[in-house]
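Report on the following structure.
The values are calculated or read from the model by the stated rules, or taken from the named source; none is laboratory data. What you see is a predicted model, and the numbers here were worked out from it, not measured in a lab. Cβ sites come from the backbone with ideal geometry, for glycine too, and all protein chains shown count toward neighbours.
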Amino acid sequence: MRHSFALANLLARPTRTIASMLGIALGVVLILVTVGLARGILYETGQREKNVGAEIIFQSAGTLGASITATPMALPIAYTKRLREIEGVRAVTPIGRYIRSGAGGIGFEMLEGIVDHPTDDYTTYAAISGIRIVEGRPLQSDEEIIVDRHYATTKRLAPGSRIELLNHTFTVAGIYEPESGARVKMRLAKMQRLLGAEGKCSAILVKCFDPNEQERVAERIEALLPGNQIIFTRDIPSYYDRGIPSLNIFLRVVVGLALTVSALVILLAMYTSITERTREIGILKSLGASRRFIIAAIEKEALAISALGVAVGYVLAFLTKVGIMRYTSL
C-alpha cells in the first residue's frame, strides 16, 4: 500500500514531478558532461602527443610541460643541429604548435607545423612519428594541410576541401593515420610566417637509438643545453593534469554546485509536497496511519523522483556526448 500511495502521489501531480526530475537531471548532466569533457579532452590530447614516435620532447624553459600551456613559437630551430650531434640521438625534428578555441567555443584545438623535407640538421615529422597518408596526397605547398581521420569525419572534409585557419584559407591535401599530435598539420615554414616567428618552433622531437637509454640521453642533453625543459613522452598524460593546476578546483566547484542544486530541488519538492497535502495527511492520521507510514511514503516519493532524475540525467549526458563527438573535433 505504501508503494502504491507514493506512486499515486507522483502521478497525481505530473507537472511538479517532471519539474523536479529535470532539476535533478540538470545537476547530473552538469557533473557528467563538465567533468567528462575536461578530463576526456586532456586525456585524449595527452595520448595523441604520447604517440608522436619520439622518446623526448625538448622545449623552452618556462612552459609547464604540456603544449596546452606552452608558448607557441619560442624555441630556436638552431637547437636541432646541437641535439642531433648528441650521443644516442637517432633523429630530431622541430614542430610548431598553436592553440585556439574549439568549434563553438567547446574545448580547444591545436594546430601543428611540421617539417616534410629533411635537412642535414633534422628529419621529417613522418619519419619519426610514423604517420602515413591514407587518402589524398602529402603536402606539396605551403597552402595545404593534412588532417587525421577523426577530424576529417567530424568536419566533413575530404582531399580538396578548403578550410580557414589562422585567418588564412588552406586546402586539405590528404588524410593521415594513425592519430599523432595535433589533428591538423601544416608546414612549419607557413606557421612561422603566419605567427611572425621565423626560425622558431615550439618544441623539438628527439628520437633515440635505444628507447631504454632515453634517461641517459636526456642527461646528455641537459649537460649540453642546460636551462631548457626535457619531457619524456611517456609522462605527457600526467603533465596535462599538472599543466592546469586550477582544473581540479574548478571541477570541485562545478560538482559542488550541481549537488547543491539537486539537493535544493529535492528539498523544495518535498516541502511543497507536504504543504500541499496538509489535509490529506490529516485524513490519513484520522484513518489510523502512523507517522512512520506517512514519512516513509514521502521519502519513497523523494527517492523515486531522485532515481528518475538521475536516469534522465544519464540519458541526456549520453546524448550530449554523442552530439559532441559527432559535431566537434574533440
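General remarks:
- Within region 12-44, restricting attention to residues that are in contact with a helix residue (DSSP H, G or I) (Cβ under 7 Å, 6 or more places away or on another chain) and hydroxyl-bearing (Ser, Thr, Tyr), the residue that is farthest from ALA304 (Cα to Cα) is TYR43.
- Filter result for ILE163 (assigned by TED's automatic domain parsing to the domain that holds ASP116, more than 20 Å from PRO76 (Cα to Cα) and touching a helix residue (DSSP H, G or I) at 6+ places or on another chain (Cβ under 6 Å)): no
- Only one entry in THR153, THR119, THR124 is without any contact (Cβ under 8 Å) to a residue 12 or more places away in the chain, within 19 Å of SER202 (Cβ to Cβ) and not acidic (Asp, Glu), namely THR119.
- For first residues located in region 169-185 and assigned by TED's automatic domain parsing to the domain that holds TYR151 and surrounded by fewer than 16 Cβ atoms within 10 Å (Cβ to Cβ), partners that are hydrophobic (A, V, I, L, M, F, W, C) and part of a loop (DSSP other than H, G, I, E, B) and lie 6+ apart or on another chain with Cβ distances below 9 Å form the pairs GLU177/ILE131; PRO178/ILE131.
- Unique match (being of a type outside the set (Lys, Arg), without any contact (Cβ under 8 Å) to a residue 40 or more places away in the chain and buried (at least 17 other Cβ atoms within 10 Å of the Cβ)) among LEU188, LEU194: LEU194
- Boolean, ILE305 is assigned by TED's automatic domain parsing to the domain that holds ILE18, modelled with pLDDT of 80 or more and part of a helix (DSSP H, G or I): yes
- Counted residues, region 8-54 - those being in contact with a strand residue (DSSP E or B) (Cβ under 9 Å, 6 or more places away or on another chain) and either at pLDDT below 75 or at negative phi (or both): 6
- LEU319 vs. criteria of a type outside the set (Gly, Ala, Ser), touching a helix residue (DSSP H, G or I) at 6+ places or on another chain (Cβ under 9 Å) and in a helix (DSSP H, G or I): no
- Residue check for LYS185: basic (Lys, Arg) and assigned to a helix (DSSP H, G or I): no
- Out of ILE145, ILE133, one residue alone is β-branched (Val, Ile, Thr) and crowded, with 17+ Cβ neighbours inside 10 Å. It is ILE145.
- Test for ILE204: is it of a type in the set (Val, Ile, Thr), surrounded by 22 or more Cβ atoms within 10 Å (Cβ to Cβ), without any contact (Cβ under 8 Å) to a residue 60 or more places away in the chain and within 30 Å of ILE230 (Cβ to Cβ): no
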